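*Asks:* Take this structure, written in structure tokens, and hold onto it; I'll ask about it next.
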Amino acid sequence: MAKKPSVGDVAEEIFQAVLATPKHQRRLRSSTFWDKFGFERRTKDRVEQVKDALRLRNLLINLDETAFGTEPKDEWIILSYADPLPQNQLEQLSTENIPMPADSWFSTIEQRIFESEREVEYYFVAPLLEQLGYVEDDIAIGYPVQMYEGVKKVNKEADFVIFDGMNRSKETTLLIIEAKRVEKILTEDAVECQARAYAMWLTPPYYLVTNGDEIRVYLFRGVVQPDVILMTFKRKELRKNWPLLYKTLNKPAVIEYKVKLQKVLESTGL
């Protein structure tokens, strides 16, 4: 009797198939996708095994984390490969023109104990934004976002929305930040999906999610394509990750990327 392939073997087969496509993306019907794994039932443990195997290969899926594994059989699953950052990228970055905060600033940030979400916002997010070159006029705290949940219109509040100056519009939205208390685990459904929901209405180039201990930076790629995790690190690793964080999220760099993004959208008629 032929040996049943492991979850890792099947994920690797799918990974290689995705890499073989020009856009590093492949679509499979849900029934076809799950048949490859040979599961008689999609139990919670089995679905988590598949998720982990896909993450290890930097394969992103178009479905919400909570929906994956429970979707209809005829649903399309879109798998996309997100190029991981090279291990030596930080070492290759020239810090010559990158302003580094004082050692005392890093020490204060790394050693502080946050006792609430408000303290994460006040003692971590606010100083971080200042060092990245944003000023008071750019920052909207508790920014109202009107959006739809199904057919129902709802009013939400994003913790931080960063604009280019006082003009509050989609055209000037640069960054969204969601802050959580330290004990809050950064799960896909509870945090990233919330920040992404705001991003879909405000269209920033990036969004950042943090619980004061872990920091995740995402490249927003629109409603259809899955977003890409650009960085994920712990607060105690902020100093060594600063060059890449600054190079990506400093105000002039984000404005420049936003302009390029707008030109691409205009040229494609989106």
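The values are calculated or read from the model by the stated rules, or taken from the named source; none is laboratory data. Not measured: the values here are computed from a predicted model. Don't worry about glycine lacking a Cβ; one is built from the backbone with ideal geometry, like all the others, and counts go over all protein chains shown. Side chains included, ligands, DNA and RNA excluded: accessible areas come from the protein's heavy atoms. Shrake-Rupley method; radii C 1.70, N 1.55, O 1.52, S 1.80 Å.
*Asks:* Out of the residues in segment 49-67 that are under 17 Å from residue 15 (Cα atoms) and free of Cβ contacts under 8 Å to residues at least 12 places away in the same chain, which is least open to solvent (accessible area, probe 1.4 Å)?
*Replies:* Filtering segment 49-67 for residues that are under 17 Å from residue 15 (Cα atoms) and free of Cβ contacts under 8 Å to residues at least 12 places away in the same chain, the one least open to solvent (accessible area, probe 1.4 Å) comes out as 52.
*Asks:* A further question on this structure: Do we find that residue 210 is crowded, with 22+ Cβ neighbours inside 10 Å and closer than 25 Å to residue 68 by Cβ in this structure?
*Replies:* It is true that residue 210 is crowded, with 22+ Cβ neighbours inside 10 Å and closer than 25 Å to residue 68 by Cβ.
*Asks:* Please find, within segment 76-109, the residue that is modelled with the lowest pLDDT out of those that are of a type in the set (S, T, N, Q) and part of a loop (DSSP other than H, G, I, E, B).
*Replies:* 87
*Asks:* For a quick check of your reading: which strands (runs of 3 or more DSSP E) sit entirely within segment 110-205 and have at least 1 residues that are in contact with a Gly (Cβ under 9 Å, 6 or more places away or on another chain) and surrounded by 17 or more Cβ atoms within 10 Å (Cβ to Cβ)?
*Replies:* Here the list reads 152-163, 173-179.
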